[in-house]
Ligand code: G6Q
């Protein structure tokens, strides 16, 4: 266990920060034409350009030393080896086993988990193929046209993001829907779009105890039985993805219609498991396996590449550099691909639920910054919204630009325009515009002296704002698999350096506990609360509609 601030590398980085904080990236590029080539890495067709960061070669070396002193190499080994590194829950962390395409065994408590992983993949393949070819039909014999995934958090965000990202691979005539929110509006809106006879509900819940998911699943079940007029219909229209056979059976789903996962699969790392069944159904198993294969390539890279060339490690170290030395508190993810519109939301959970922690592995409150606030929107929309703050605001927000070279929907000049904007934004953030340049520009455009004085300070950009750019040939199952796995491992490395446990999520419990207390009070006996909580409950009791 290492407090990162007690390492030699941290102290050296602190001194080094004083040397580099006023350097401008514009000068670093001007002085060194080979900078981009040196500060870039490739993996398959992926180009990771991290040269637009406020680092010198020495910064990178010191950051890598930090990773070494914090034992990153050893932690990587331990994760892949199935050690119980999720210590507060006493579990191994093995999403990498789910996409292990090699023949390496993966041992948990001396048992190789790979035969089970392959068995469930095979079960998913048979099921997905049968749904797709119509042989796994609904209660009345009609083929399935709509798959509705009912799940929340890790049992929703991953499959939803992936199916959206890979829409061009959907089978014609088969649509995916996702219901997560317990707000009845979410389920109602989806049910308006589908027909009971041809709809398959996938109840995705690792624990099968989640209030939102079970509430949605019960209402969906009732809707189906009412429409098809028979309880028997449930067997043909409901399947479950879970670790909890008993609860699945108690809910009324035949265990034969259950796809298993295991406690060593974390919810927010579970899209590679049976939780990905909706992906396999709409995309086909071969595309789901391509997704796994892309992630596996990254796993192999992460396990074997030297830290200095290891892309997730570099991504992680740059985040630590800005968060803990430059004081950045957030990180923007900006995919220039409309299909990736849920990617920032997906990463929000992956990152913030993993590293939004303040307690060290020794149980102490840490004295340094940990996980950032992750946010973002697809470009170019963001440019017309929050980019103002990125360019001229008072916060330093490191950005990730993600852009494929080929569009899934080539249309006139659209893609060139999209890519030009992406590249130009990263350049503008880095380069900026001095007040002198702004004045020159104004003069050339014929502005009066007064206008020049008035406007130049507002038209100047400080620049020196860091970004990474990820360029890929095309967004495919394989390249998406790579991208997701890169971020997963980045998050892991940061957790190791910050000396926190990245794979639990105790911070989501208190609200759930209190909701259990408040729920009966909305209609029954009122308990003791602070005056604000009391007032809100009373307001609701006065105005609520009674539902039959
Ligand atoms: C993820 C979290 C959380 C979880 C949901 C759904 O890492 O644990 O988001 O995925 O709470 O849980 P179930 O799958 O058990 O319903």
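A short reminder: the numbers here are calculations on the coordinates, not readings from a lab. Remember, it's a predicted structure, so these values are computed and weren't measured experimentally. Neighbour counts run over all protein chains shown; Cβ positions are idealised from the backbone, glycine included.
So which residues in segment 283-292 are assigned to a helix (DSSP H, G or I) and out of contact with any helix residue (DSSP H, G or I) (no Cβ under 6 Å at 6 or more places or on another chain), if there are any at all? Once the filter is applied, which keeps residues that are assigned to a helix (DSSP H, G or I) and out of contact with any helix residue (DSSP H, G or I) (no Cβ under 6 Å at 6 or more places or on another chain), segment 283-292 yields 286, 289, 292.
Only a single item in (1) surrounded by fewer than 22 Cβ atoms within 10 Å (Cβ to Cβ); (2) assigned to a helix (DSSP H, G or I); (3) in contact (Cβ under 8 Å) with a residue 24 or more places away in the chain is not met by residue 473, and it is number (2). Could you tell me how many of the residues in segment 342-356 are over 19 Å from residue 499 (Cβ atoms) and within 8 Å of the chain's Cα centre (by Cα)? Matching residues across segment 342-356 total 8.
Of 163, 185, all but one fail to be part of a helix (DSSP H, G or I) and out of contact with any helix residue (DSSP H, G or I) (no Cβ under 6 Å at 6 or more places or on another chain); the exception is 185. Counting only residues that are touching a helix residue (DSSP H, G or I) at 6+ places or on another chain (Cβ under 7 Å) and within 15 Å of the ligand (Cβ to nearest atom), segment 505-531 holds 1 of them.
Among the residues of segment 340-351, is any assigned to a loop (DSSP other than H, G, I, E, B) and more than 16 Å from the ligand (Cβ to nearest atom)? Yes, that holds for at least one residue.
Residues satisfying the criterion are absent from segment 504-512 (criterion: touching a residue at least 12 places away in the same chain (Cβ under 8 Å) and more than 30 Å from residue 209 (Cα to Cα)). For residue 502, the criteria (1) surrounded by fewer than 11 Cβ atoms within 10 Å (Cβ to Cβ); (2) within 16 Å of the ligand (Cβ to nearest atom) hold in every case but one, which is (1). Can residue 328 be described as surrounded by fewer than 24 Cβ atoms within 10 Å (Cβ to Cβ), in contact with a strand residue (DSSP E or B) (Cβ under 6 Å, 6 or more places away or on another chain) and not in a helix (DSSP H, G or I)? Considered against the rule, which asks whether it is surrounded by fewer than 24 Cβ atoms within 10 Å (Cβ to Cβ), in contact with a strand residue (DSSP E or B) (Cβ under 6 Å, 6 or more places away or on another chain) and not in a helix (DSSP H, G or I), residue 328 comes out as no.
Counting the residues of segment 365-410 that are under 21 Å from the mean Cα position of the chain (by Cα), in contact (Cβ under 8 Å) with a residue 60 or more places away in the chain and assigned to a loop (DSSP other than H, G, I, E, B) gives 4. Only one of the numbered conditions (1) touching a residue at least 60 places away in the same chain (Cβ under 8 Å); (2) under 24 Å from residue 121 (Cα atoms); (3) touching a helix residue (DSSP H, G or I) at 6+ places or on another chain (Cβ under 6 Å); (4) more than 14 Å from the ligand (Cβ to nearest atom) is violated by residue 249, and that is (1). When restricted to residues that are more than 16 Å from the ligand (Cβ to nearest atom) and either touching a residue at least 60 places away in the same chain (Cβ under 8 Å) or closer than 26 Å to residue 153 by Cα (or both), segment 196-218 contains 4.
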